[in-house]
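Participant: My questions will all concern the structure given below.
The numbers here are math on the coordinates, done by the rules we state, and not lab data. None of the values given here were measured: they were computed from a predicted structure. Ideal geometry is used to build each Cβ from the backbone, glycine not excepted, and the neighbour counts take in all protein chains shown.
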Amino acid sequence: MRVLVVEDDESIAHGLALALRQDDWAVDVAPTLKAAWASLCAEPIDIVLLDLGLPDGDGADLLARLRRAPPGALPDAATPVLIMTARDQVASRIEGLDMGADDYLTKPFDAGELAARMRALRRRFTGRAQARLRWGEIEIDPAAHTVARNGQNVDISAREFSVLMALMEARPRVLSRQQIEASLYNWDRLVESNAVEVHIHRLRKKLGEGVIRTLRGVGYFVPVEPAP
Ligand code: CA
């Protein structure tokens with residue numbers, strides 16, 4: 001899952017990026033509105049953490065522009081946005097929520113609370129009310145980063161977990177190898193060209209062949225329901 005941190009305070013941005021990477025998010029940091037918009041237009045982003053006071057303008061303007069984006073292209077107008085405000089910015093929080101922010105946190109906040117709110121946002125965004133995700137004999141716990149098959153814990157790596165979550169949340173849409181890669185890595189990291197194939201091969205060995213399907217020449221998908 002990929003998060004865009006829009007924050008001009010270097011120490012806050014750095015601290016957030018560290019905490020989020022620890023939690024297996026792919027993190028991009030944008031210190032200005034201009035950089036943030038460029039990121040949103042370049043790659044699919046799963047959540048935006050948005051500071052309001054930025055050197056080249058108000059974060060609320062970015063939010064308004066995002067919500068007006070035309071459908072079917074990047075940026076995705078429905079991308080969940082969590083605004084980060086100072087304690088005395090009550091008016092900004094109200095304005096932000098009214099403009100289409102999904103949640104807010106007042107600085108300074110706890111990394112654990114942020115992680116829980118981000119999971120909740122993803123859940124709402126993908127239309128899941130349950131914290132755990134069930135697919136046939138597979139059960140995924142996004143908070144604990146664990147996967148069980150027939151009630152037995154499956155040993156999977158952080159990268160494999162990210163690939164599985166990306167495909168489960170996109171269900172039944174097909175994701176291309178590039179889209180899966182984008183959810184896994186930051187731009188500044190080198191990706192081995194066969195990394196996604198390797199993760200999918202290992203996931204199939206651990207979860208069974210029927211979960212992740214290949215659409216030849218297009219990409220990978222998980223069916224809405226398991227085959228009977
Ligand atoms: Ca700021």
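Participant: Along the charge dipole of the chain, which of PRO70, THR106, MET165 sits closest to the positive end, that is, farthest toward it, with unit charges on the beta carbon of Lys, Arg, Asp and Glu (+1, +1, -1, -1)?
Facilitator: Towards the positive end, the residue furthest out is MET165.
Participant: Name the long-range amide H neighbours of THR146: under 5 Å, sequence gap of 5 or more, or other chain; modelled H, no Pro or chain starts.
Facilitator: ASP141
Participant: Ok, one more. Whole Å is fine, so just give me how far the alpha carbon centre of segment 37-80 lies from that of segment 93-112.
Facilitator: 15 Å
Participant: OK, next. Suppose every K and R has +1 on its Cβ and every D and E has -1 on its Cβ; what is the size of the dipole of segment 84-228 about the Cα centre, in Debye to the nearest 20?
Facilitator: Here segment 84-228 has a charge dipole of around 400 debye.
Participant: Cross-link candidates for LYS34: which lysines have Cα within less than 30 Å, leaving aside residues fewer than 8 places away along the same chain?
Facilitator: Here the lysines satisfying the reach criterion relative to LYS34 are LYS107.
Participant: If you don't mind, another one. Just name one of LEU97, THR126, LEU52: the one whose Cα is farthest towards the positive end of the charge dipole of the chain (beta-carbon charges, Lys/Arg +1, Asp/Glu -1).
Facilitator: The one lying farthest along the dipole's positive direction is THR126.
Participant: In addition: HN-Hα J couplings of segment 87-92 from phi, Karplus 6.51/-1.76/1.60, θ = phi - 60°, integer Hz, Gly and Pro as x?
Facilitator: 4, 8, 8, 4, 4, 5
Participant: Now, a different point. Could you list SER92, SER183 so that the one with the fewest beta carbons within 10 Å of its beta carbon is first and the one with the most is last?
Facilitator: SER92, SER183
Participant: Please list, in chain and number order, the residues 5+ apart from ALA69 or on another chain whose amide H is under 5 Å from its amide H, with Hs placed from the backbone.
Facilitator: none
Participant: I would also like to ask the following. Once you have a ≥ b ≥ c as the square roots of the Cα gyration tensor eigenvalues for segment 89-150, tell me rounded if a/c is under 1.5, and otherwise prolate or oblate according to whether a/b is larger than b/c.
Facilitator: oblate
Participant: Continuing with this model, one more query. Classify segment 2-126 as rounded, prolate or oblate from the Cα gyration tensor: take a ≥ b ≥ c as the square roots of its eigenvalues, call it rounded if a/c is under 1.5, otherwise prolate when a/b beats b/c and oblate if not.
Facilitator: In terms of gyration-tensor shape, rounded.
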